[in-house]
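Please read the structure below before turning to the comments.
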Amino acid sequence: MISRDEVVRTALSIAAIQQDDGGVPWPEGHVDAWNHVECLMAMAVAGLSEPVAKGYDWLAGHQRDDGSWPMKLVGGVATELGGESNHAAYVAAGVWHHQLVTGDEEFTERRWPMVKAALDYVVGLQTERGEVVWERDAHGVASSFALLTGCSSIHQGLRCGVLLADHVGDPQPHWELAADRLAHALAAHPEAFADKSRFSMDWYYPVLGGAVRGPRAFELLDREWSTFVVPGLGIRCVSDQPWVTGAETCELVLALDALGDRERAARLFTDVQHLRHDDGSYWTGWQFANHKHFPHERSAYTAAAVVLAADALLGLSAGSSLFRDVAAGPPPESVSPADPHPCGCTPAVF
């Protein structure tokens, strides 16, 4: 386990690469709203208020009239114009997390219109079955398919948005309905999502995002544990490559912590510390067949995932329970496979 001082050092490694306009980039230089928000959350845990405020100014400055953000921006200029639904939804998680960590009511009131526009953009992409398609393209045309990882993150964003709306006294019941419908799709309709099952994120994200909890969550994680977990190193990014990654490992730590499985969570968190650099940053991954860091980079989003996992395990901030508190209720996973869901179908098993 790392110390509080080491957590702050890791957050400072994120602040060190923040751009002058407030964006927190990928190693290759572009910024997207989802990873940017995750980095702001990590810096908030460490009390880095100035870079966090600068980062939310960046979000407000680049939000479009429809509530979305460009998929990629380089130097403040959009290079991919489509708007991803999960990028927009995660802003709600970030602002709610900021409220929990800081108690800054003025900040929350000021950023509420940004969140409201973002989540209305998201629910506008929900299908009748409940999944949320992954983007609107540059011409405003909605995609024809949904992604399980993205929708799991959207579920978390919607739940955070509902809590935020109640907090500011502007309830949004249609978000809660959208979250319930999405949770049902995630728990009962795997056919609703494009097949990305070789990626570990599609394995654990329904748990991380709160759509699947309880006994079914343990079943889900145990089913592919040996496929993705490499003892002593972390978890694979994809099932067919000898490559463990820090961000995915720490997200699985958060999922396990949300289930109360703190023993396995702490073990995995300890395992992945081989990616830590002397300056507190983290290598993105390790290719354990060639014994090389791959790619040869240290990424802010990996550092951010480490900080959030450490916060969950150590209780460093008032936002440490964020991932535990977004479970669907009543959870779709409480319905046994033999019992009908409210829509009359029989839940599928992942």
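Whole-Hz ³J(HN,Hα) for each residue in region 219-225, computed from phi via Karplus 6.51 cos²θ - 1.76 cosθ + 1.60 with θ = phi - 60°, x for glycine and proline: what do you get?
4, 4, 5, 5, 4, 10, 4
So how strong a dipole does region 4-334 carry about its Cα centre when Lys and Arg Cβ are +1 and Asp and Glu Cβ are -1, to the nearest 20 debye?
Its charge dipole is roughly 560 debye.
Cβ neighbours within 10 Å, averaged per peptide: list 252-262, 284-294, 237-247, 206-216 in order, most packed at the top.
Highest mean packing first, the order is 206-216, 252-262, 237-247, 284-294.
Among Pro171, Leu220, Leu158, which residue has its Cα furthest toward the positive end of the charge dipole of region 154-256, with +1 on Lys/Arg Cβ and -1 on Asp/Glu Cβ?
Value computed over the given set: Leu220.
Expressed as a whole number of Å, what is the distance separating the alpha-carbon centroids of region 206-263 and region 90-160?
Distance between centres, Cα-based: 23 Å.
For the chain, how many pairs of lysine residues have a Cα-Cα distance under 29 Å, where the two are 8 or more positions apart or belong to different chains?
The number of close lysine pairs in the chain is 6.
With θ set to phi - 60° and the Karplus curve 6.51 cos²θ - 1.76 cosθ + 1.60, what are the ³J(HN,Hα) couplings of region 288-295 in order, to the nearest whole Hz, using x for Gly and Pro?
Rounded to whole hertz, the list is 8, 7, 8, 6, 9, 5, 9, x.
To the nearest whole percent, what portion of all C-alpha pairs in region 1-98 is separated by more than 15 angstrom?
Counting pairs separated by more than 15 Å, the tail of P(r) holds 57 percent.
Would you grab the residues whose amide H sits under 5 Å from the one on Glu84? Only those 5+ places off in sequence or on another chain, please, with H modelled 1.01 Å from N.
Hits under the 5 Å cutoff: Trp69, Met71.
Using Cα pairs under 8 angstrom and six or more residues apart, how large is the relative contact order of the chain, in percent?
Relative contact order for the chain comes out at 19 percent.
Non-local amide H neighbours of Lys292 (under 5 Å, H modeled in plane, Pro and chain starts lacking H): which ones?
Amide H neighbours of Lys292, under 5 Å, 5+ apart: Gln287.
Per residue of region 273-280, in order, report the coupling 6.51 cos²θ - 1.76 cosθ + 1.60 (Karplus, θ = phi - 60°) as ³J(HN,Hα) in whole Hz, putting x for Gly and Pro.
So the J values, rounded to whole Hz, are 5, 5, 8, 6, 9, 4, 8, x.
Positive end of the dipole of the chain, charges at C-beta (+1 Lys, Arg; -1 Asp, Glu), about the Cα centre: which of Ala118, Ser321, Met41 has its Cα farthest in that direction?
Most positive-ward Cα: Ser321.
Coordinate-derived values only; no laboratory data. Everything numeric in this text was worked out from a predicted model, so none of it was measured. Counting neighbours? That spans all protein chains shown, and the Cβs are built from the backbone with ideal geometry, glycine included.
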